[in-house]
1. Among the residues of segment 81-96 satisfying the criterion of being out of contact with any helix residue (DSSP H, G or I) (no Cβ under 9 Å at 6 or more places or on another chain) and more than 12 Å from residue 24 (Cβ to Cβ), which is surrounded by the most Cβ atoms within 10 Å (Cβ to Cβ)?
2. Exactly one of these conditions fails for residue 54: (1) at pLDDT below 95; (2) surrounded by fewer than 18 Cβ atoms within 10 Å (Cβ to Cβ); (3) on the phi < 0 side of the Ramachandran plot. Give me its number.
3. So which of 177, 145 ends up being modelled with pLDDT under 95 and outside the structural domain of residue 52 (by TED's automatic domain parsing)?
4. From the list 84, 121, pick out the single residue that is touching a strand residue (DSSP E or B) at 6+ places or on another chain (Cβ under 7 Å) and outside any helix (DSSP H, G or I).
5. Of the numbered conditions (1) part of a helix (DSSP H, G or I); (2) buried (at least 18 other Cβ atoms within 10 Å of the Cβ), residue 105 satisfies every one except a single condition; which is it?
6. Farther than 16 Å from residue 72 by Cα, surrounded by fewer than 19 Cβ atoms within 10 Å (Cβ to Cβ) and not assigned by TED's automatic domain parsing to the domain that holds residue 57: which single residue out of 152, 115 fits that description?
């Protein structure tokens, strides 16, 4: 039987790269493993634990962040590949004074979350669509399509749909006629 190493290496033997990016409006520079995933970078290097790790295959959407204002799966991206980019996580969504963004408030008021594990990724995905200036199909079916890349095992989606529809009205998001 092979023995387990007793000493813990300080750093992996992977090649390291220096990355510079903007995270939630703040410039960040770090030396990281070339194989470090963006989820690990955000959670372990920066302490931004709102980005969740679910399936680690890009299917569940729990790790969704905005990369240059477009939704992306942080579990599928190397931190080194987003060097030079602007990253926004769920921690950037609430207002400076701590009050909730209208979409977050709509989720709260419409009971659109239970365990909350999927919520950060879902909110980031929805905000990406809201900010795209492409009209949103605000029908139940349209919202289902909008959030189809985010899996929720708790809610059954009906309250999420109501919350998104409420936020669309409150935030004056352009919809399909």
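1. 85
2. It is condition (2) that residue 54 fails.
3. Numbers: 145 fails: modelled with pLDDT under 95.
Result of the check over 177, 145: 177.
4. Working: 121 fails: outside any helix (DSSP H, G or I).
The conditions single out 84.
5. Condition (2) is where residue 105 drops out.
6. On the way: 152 fails: surrounded by fewer than 19 Cβ atoms within 10 Å (Cβ to Cβ).
Every option except 115 fails the conditions.
The values are calculated or read from the model by the stated rules, or taken from the named source; none is laboratory data. Keep in mind that what you see is a predicted model, and the values were worked out from it rather than measured. When we count neighbours, we look across all protein chains shown, and the Cβ atoms used for this are built from the backbone with ideal geometry, even at glycine.
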